[in-house]
Amino acid sequence: MSEGKLYAVKNDEGKYCDCEHEKFLPLSDAYCPAIVSEDNAKAIVRDSGGHIVTFVEEPEKVVLTKEQAKIVDDAHEAIWPATYISGLEDSSEQRLLIEAFVNGYTVAKEKKYNVKVPHTKDVWYYKDSEAYLLTICPADKKLRGTFTEAEIEHYGLQDCEKEEVTDDGMGC
């Protein structure tokens, strides 16, 4: 038995072998159409006809940063994708990116934070533009500005108290 696989036997009429009743039925009527033994599936094909249908568990997608996702996307355009990815210095990152190339990936959602103005009771920063920060003392947490780690560094707010913003837009 191969780990993570199930087998079914399907005939030319599109019916599946019900392993419980040992006859071919429409899939919706089959009580036990899948089995874990490839050898048993081969025996059914030998004795009753049809062909083996293999169900393989889909591998879990890898979670990547935006930068890593770009490397994987670029590798799909490369003539030799493995050579393209293996050019990276970090071997653990190479392995991760090759796994993402083969199994697919999702991009990690970037964390966002509310950033508190130092030495104040309840005053928070928000962005007026790329160049300017303003402050606000909101009763509603949704009015506070949200900042990524890169923006916190860009505005020089690394030493400020910060509160992670959850999916509902509220702080922790």
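The values are calculated or read from the model by the stated rules, or taken from the named source; none is laboratory data. A quick note: this is a predicted structure, and the numbers were derived from the prediction, not measured. No Cβ is skipped: glycine too gets one built from the backbone with ideal geometry, and neighbour counts run over all protein chains shown. These area figures cover heavy atoms from the full protein model, side chains too; ligands, DNA and RNA do not enter into them. Shrake-Rupley method; radii C 1.70, N 1.55, O 1.52, S 1.80 Å.
For the range 61-86, residues that are exposed (fewer than 11 other Cβ atoms within 10 Å of the Cβ) and out of contact with any helix residue (DSSP H, G or I) (no Cβ under 8 Å at 6 or more places or on another chain) total 6. Applying the criterion of being closer than 15 Å to Tyr7 by Cβ and of a type in the set (D, E, K, R) to the residues of the range 23-46, the residue that is least open to solvent (accessible area, probe 1.4 Å) is Glu38. Residues of the range 88-100 that are farther than 23 Å from Ala150 by Cα and open to solvent by 60 Å² or more (accessible area, probe 1.4 Å): Glu89, Ser91, Ser92, Arg95, Ile98, Glu99.
Of all residues in the range 113-168, those satisfying the criterion of being touching a residue at least 24 places away in the same chain (Cβ under 8 Å), within 28 Å of Thr65 (Cβ to Cβ) and exposed (fewer than 13 other Cβ atoms within 10 Å of the Cβ) are Lys142, Thr148, Asp159, Glu164.
I'd like to know if the range 146-166 contains one or more residues that are of a type in the set (Phe, Trp, Tyr), closer than 30 Å to Leu6 by Cα, at pLDDT 90 or above and not in a loop (DSSP other than H, G, I, E, B). For the range 146-166, residues of a type in the set (Phe, Trp, Tyr), closer than 30 Å to Leu6 by Cα, at pLDDT 90 or above and not in a loop (DSSP other than H, G, I, E, B): absent. Just one of (1) within 30 Å of Phe24 (Cα to Cα); (2) open to solvent by 70 Å² or more (accessible area, probe 1.4 Å); (3) touching a residue at least 24 places away in the same chain (Cβ under 8 Å) fails for Glu58. It is (3).
Condition first: out of contact with any Asp or Glu (no Cβ under 6 Å at 6 or more places or on another chain), of a type in the set (Val, Ile, Thr) and at pLDDT below 90. Can you find one or more residues in the range 5-18 that meet it? Write out each step before concluding.
Residues of the range 5-18 that are out of contact with any Asp or Glu (no Cβ under 6 Å at 6 or more places or on another chain), as a first pass: 5-6, 8-18.
Next, from what is left, pick out any that are of a type in the set (Val, Ile, Thr): 9.
If we keep only those that are at pLDDT below 90 as well, we get none.
Checking the range 5-18: not a single residue is out of contact with any Asp or Glu (no Cβ under 6 Å at 6 or more places or on another chain), of a type in the set (Val, Ile, Thr) and at pLDDT below 90.
I'm trying to understand the selection: among the residues of the range 13-33, which are in contact with a helix residue (DSSP H, G or I) (Cβ under 9 Å, 6 or more places away or on another chain) and of a type in the set (A, V, I, L, M, F, W, C)? Cys17, Cys19, Phe24 - these are the residues of the range 13-33 that are in contact with a helix residue (DSSP H, G or I) (Cβ under 9 Å, 6 or more places away or on another chain) and of a type in the set (A, V, I, L, M, F, W, C).
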